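Novice: So that we are looking at the same thing, I have put the structure below in structure tokens.
The values are calculated or read from the model by the stated rules, or taken from the named source; none is laboratory data. Note that the structure is predicted; figures quoted are calculated from it, not measured. So basically every Cβ, Gly included, is an ideal-geometry build from the backbone, and we count neighbours across all protein chains shown.
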Amino acid sequence: MAKVKAIRGMNDILPSATPAWQYLERQVKSVLSSYGYDEIRMPIVEQTDLFKRSIGEVTDIVEKEMYTFEDRNGESLTLRPEGTAGCVRAGEEHGLLFNQTQRLWYQGPMFRYEKPQKGRYRQFHQIGVETFGMSSADIDAEVIMLSARLWKKLGILDAVSLQLNSLGSTDSRQKYKQDLVDYLTQYFDQLDEDSQRRLKSNPLRVLDSKSESTQAILADAPILSEYLDDDSKEHFSRLTGLLDDAGIHYEINTRLVRGLDYYCKTVFEWVTDKLGAQGTVCAGGRYDGLVQQLGGKATPGVGFAMGIERLVLLLETLGAVPDSEKNSFDLYVAAQSREVQGDVVQFSEALRDAIPGLRIRTHCAGLKNINNKARQTGARLILLIQKSDAGLVGVLWTGADSSEQIPLEELPVVVAQQWEVIKKS
Ligand code: ATP
Ligand code: MG
């Protein structure tokens, strides 16, 4: 019988890969906590309407990427394609948004029906940040500084660059949209097919067309920044001033519009040239109209989401995951003969009590060639327990083989000392 396989674009993350994921997640959490952000956990499934109303009917996501299905009671449900909508829904539903400030983060799988390729999957994972109730550019600067701090901590700051733009207010964008449509309509026949379609449904998206001929036409198109209202201009200059003072480099990309309808004022992307076509590792911006659009009271918001798969790929490409992260245990304990196997299991427990934080894996399989097997685990410490005339003893390897027999009672202290030495090296 044919074996059942995973769904295309939905990947298993195998034990060989999870250490890099865990390392990344740990660094992100530590940076987020240093800025005082709170975690929120939302369901993976929401009512389809939530995404239609927030992301926008004429976006790629809603038009062709959502996993939508009917519940047994006929309700239309959707696997979340992103986290912002659900976060706003949850915040509204539980009274977290009105008249207060929030700094929230979440993580988990997102689902989009896209063409699977390197860095683009149908189930992928994001860590997202959403802040509410703050309208000044200080918070836009903070979320960007937070992401920059993370890249620095991960040792990948040199491999990413920041693209920045302002979309202005909805009103100022309206005027721009009209002028852009008028300009592009003159060249309609020369536009690529996608852009021809978008010209009618979502003209701003034409700006990030990948087609060279369309890009050539865009070279002389009206520029969004020239349409900005005074408030948006001031907001943008405060933001760039704060980033300048913090020494964060950015490039102003007037074509950066982002795919989702709900952005206003600030939009940004962190991009890398190390991953080929799927180069955006983190993207976000301001969405002051979203809460109201979903039925709440007007509440400003700023956030971003990073793509975990792409960041893990980048870490691996750059060799930025420390070796010490790659093994899930530090000490491998094994019996030298069957008669002491039970003692080894018990002694491992005693070691866990004595040395908190030391990751111990106990050998529980056959003992043939045990010395080689223990070495092949790659553990930085190996402890072999055997019986001697004076009772149970252990032989501790810290790199090279050793044959010095250490009485069991002395081992917790000796192992702890050796572990301290290794940690410092
Ligand atoms: P792209 O232009 O690459 O399709 P997007 O604008 O659709 O990205 P966002 O909705 O802004 O992406 O999501 C934020 C981040 O999540 C992206 O920058 C990327 O790192 C990651 N991401 C988005 N879609 C996918 C996917 N299908 N597979 C893997 N990662 C993804
Ligand atoms: Mg996309």
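Novice: Mind checking whether some residue in the stretch 244-257 is of a type outside the set (Val, Ile, Thr) and at pLDDT below 90?
Specialist: Going through the stretch 244-257, the residues of a type outside the set (Val, Ile, Thr) turn out to be 244-247, 249-251, 253, 255-256.
Now narrow it down to the ones that are at pLDDT below 90: 255.
Within the stretch 244-257, one or more residues are of a type outside the set (Val, Ile, Thr) and at pLDDT below 90.
Novice: Right, something else. When the residues of the stretch 235-276 are narrowed to those that are of a type in the set (A, V, I, L, M, F, W, C), under 24 Å from residue 219 (Cα atoms) and out of contact with any Lys or Arg (no Cβ under 8 Å at 6 or more places or on another chain), which ends up nearest to ligand 2 (Cβ to nearest atom)?
Specialist: In the first step, residues of the stretch 235-276 are kept if they are of a type in the set (A, V, I, L, M, F, W, C); the result is 236, 239, 242-243, 246, 248, 252, 256-257, 260, 264, 267-268, 270-271, 275.
Those left that are additionally under 24 Å from residue 219 (Cα atoms): 236, 252, 256-257, 260, 264, 267-268, 270-271.
Subsequent filtering for residues that are out of contact with any Lys or Arg (no Cβ under 8 Å at 6 or more places or on another chain) retains 252, 256, 260, 268, 270-271.
On the way: 252: 22, 256: 14, 260: 9, 268: 16, 270: 15, 271: 14 Å.
Applying the filter and picking the extreme gives 260.
Novice: Please go through the stretch 59-88 and pick out each residue that is at negative phi, surrounded by fewer than 21 Cβ atoms within 10 Å (Cβ to Cβ) and more than 16 Å from ligand 2 (Cβ to nearest atom).
Specialist: Result: 68, 69, 70, 71, 72, 73, 75, 76, 77.
Novice: When the stretch 377-424 is examined, which residues are found to be free of Cβ contacts under 8 Å to residues at least 12 places away in the same chain and either assigned to a strand (DSSP E or B) or surrounded by 13 or more Cβ atoms within 10 Å (Cβ to Cβ) (or both)?
Specialist: 402
Novice: Something else about it: Taking only pairs six or more apart or across chains, which ones have beta-carbon atoms under 8 Å, a first residue in the stretch 336-347 that is touching a residue at least 60 places away in the same chain (Cβ under 8 Å), and a second residue that is in a helix (DSSP H, G or I)?
Specialist: Close Cβ pairs (under 8 Å, with a partner that is in a helix (DSSP H, G or I)) amount to 347/408; 347/411.
Novice: Continuing with the same structure: Can you go through 335, 305 and tell me which one is more than 16 Å from ligand 1 (Cβ to nearest atom) and modelled with pLDDT of 95 or more? Walk me through it before giving the result.
Specialist: Details: 305 fails: more than 16 Å from ligand 1 (Cβ to nearest atom).
Every option except 335 fails the conditions.
Novice: Would you pick out the residues in the stretch 40-57 that are modelled with pLDDT of 95 or more, hydrophobic (A, V, I, L, M, F, W, C), outside any loop (DSSP other than H, G, I, E, B) and touching a helix residue (DSSP H, G or I) at 6+ places or on another chain (Cβ under 6 Å)?
Specialist: Selection gives 50, 51.
Novice: Of the residues in the stretch 101-110, how many are touching a helix residue (DSSP H, G or I) at 6+ places or on another chain (Cβ under 9 Å) and either assigned to a loop (DSSP other than H, G, I, E, B) or within 9 Å of ligand 1 (Cβ to nearest atom) (or both)? If you could, list the steps in order and put the result at the bottom.
Specialist: If we filter the stretch 101-110 for residues that are touching a helix residue (DSSP H, G or I) at 6+ places or on another chain (Cβ under 9 Å), which is where we start, we get 101-107.
Checking which are either assigned to a loop (DSSP other than H, G, I, E, B) or within 9 Å of ligand 1 (Cβ to nearest atom) (or both) leaves us with 101.
Number of matching residues: 1.
Novice: Here's another thing I want to ask about it. Would you pick out the residues in the stretch 1-17 that are on the phi < 0 side of the Ramachandran plot and surrounded by 13 or more Cβ atoms within 10 Å (Cβ to Cβ)?
Specialist: Answer for the stretch 1-17, where residues must be on the phi < 0 side of the Ramachandran plot and surrounded by 13 or more Cβ atoms within 10 Å (Cβ to Cβ): 10, 11, 13, 17.
Novice: Which of the residues belonging to the stretch 75-100 are assigned to a loop (DSSP other than H, G, I, E, B) and either closer than 23 Å to residue 32 by Cβ or not acidic (Asp, Glu) (or both)? I'd like the intermediate steps shown before the answer.
Specialist: So the first thing to find is which residues in the stretch 75-100 are assigned to a loop (DSSP other than H, G, I, E, B), and the list is 75, 80-83, 94-100.
Selection gives 80, 81, 82, 83, 94, 95, 96, 97, 98, 99, 100.
Novice: Here's something else I'd like to know. Among the residues of the stretch 112-167, write down those that are of a type in the set (D, E, K, R), within 16 Å of ligand 2 (Cβ to nearest atom) and not in a strand (DSSP E or B). Give the steps one after another, and end with the answer.
Specialist: Our first condition is that a residue be of a type in the set (D, E, K, R); within the stretch 112-167, this holds for 112, 114-115, 118, 120, 122, 130, 138, 140, 142, 149, 152-153, 158.
Applying the additional criterion that residues be within 16 Å of ligand 2 (Cβ to nearest atom) yields 112, 114-115, 118, 120, 122.
Correct list: 112, 114, 115, 118, 122.
Novice: From the list 160, 206, 181, exactly one residue is touching a Ser or Thr at 6+ places or on another chain (Cβ under 6 Å), free of Cβ contacts under 8 Å to residues at least 60 places away in the same chain and not acidic (Asp, Glu). Which is it?
Specialist: Working: 160 fails: free of Cβ contacts under 8 Å to residues at least 60 places away in the same chain; 181 fails: touching a Ser or Thr at 6+ places or on another chain (Cβ under 6 Å).
Criteria check complete, one pass: 206.
Novice: Let me ask you something else. Tell me the residue from 61, 127, 139 that is aliphatic (A, V, I, L, M), more than 16 Å from ligand 1 (Cβ to nearest atom) and in contact (Cβ under 8 Å) with a residue 40 or more places away in the chain, please.
Specialist: Values: 61 fails: more than 16 Å from ligand 1 (Cβ to nearest atom); 127 fails: more than 16 Å from ligand 1 (Cβ to nearest atom).
Within the list 61, 127, 139, the selection yields 139.
Novice: What is the residue count in the stretch 58-74 for residues that are hydrophobic (A, V, I, L, M, F, W, C), touching a helix residue (DSSP H, G or I) at 6+ places or on another chain (Cβ under 7 Å) and not in a helix (DSSP H, G or I)? Reasoning before the result, please.
Specialist: At the first step, the residues of the stretch 58-74 found to be hydrophobic (A, V, I, L, M, F, W, C) are 58, 61-62, 66, 69.
Still in the running and touching a helix residue (DSSP H, G or I) at 6+ places or on another chain (Cβ under 7 Å): 58, 61-62, 66.
Then keep just the ones that are not in a helix (DSSP H, G or I); that gives 58, 66.
Within the stretch 58-74, residues that are hydrophobic (A, V, I, L, M, F, W, C), touching a helix residue (DSSP H, G or I) at 6+ places or on another chain (Cβ under 7 Å) and not in a helix (DSSP H, G or I) number 2.
Novice: Condition (residue is away from ligand 2 (no atom under 16 Å from the Cβ), surrounded by 23 or more Cβ atoms within 10 Å (Cβ to Cβ) and either farther than 30 Å from residue 391 by Cβ or among the aromatic types (Phe, Trp, Tyr) (or both)) applied to the stretch 333-343: is it met by at least one residue?
Specialist: No; the residues of the stretch 333-343 include none that is away from ligand 2 (no atom under 16 Å from the Cβ), surrounded by 23 or more Cβ atoms within 10 Å (Cβ to Cβ) and either farther than 30 Å from residue 391 by Cβ or among the aromatic types (Phe, Trp, Tyr) (or both).
Novice: Now a separate question. Where residues in the stretch 207-226 are of a type in the set (Ser, Thr, Tyr) and assigned to a helix (DSSP H, G or I), which of them is nearest to ligand 2 (Cβ to nearest atom)?
Specialist: The first filter runs over the stretch 207-226 and keeps only residues of a type in the set (Ser, Thr, Tyr), leaving 209, 211, 213-214, 225.
Imposing the further condition that a residue be assigned to a helix (DSSP H, G or I) reduces the set to 213-214, 225.
Values: 213: 22, 214: 18, 225: 24 Å.
If we take residues in the stretch 207-226 being of a type in the set (Ser, Thr, Tyr) and assigned to a helix (DSSP H, G or I), then 214 is nearest to ligand 2 (Cβ to nearest atom).
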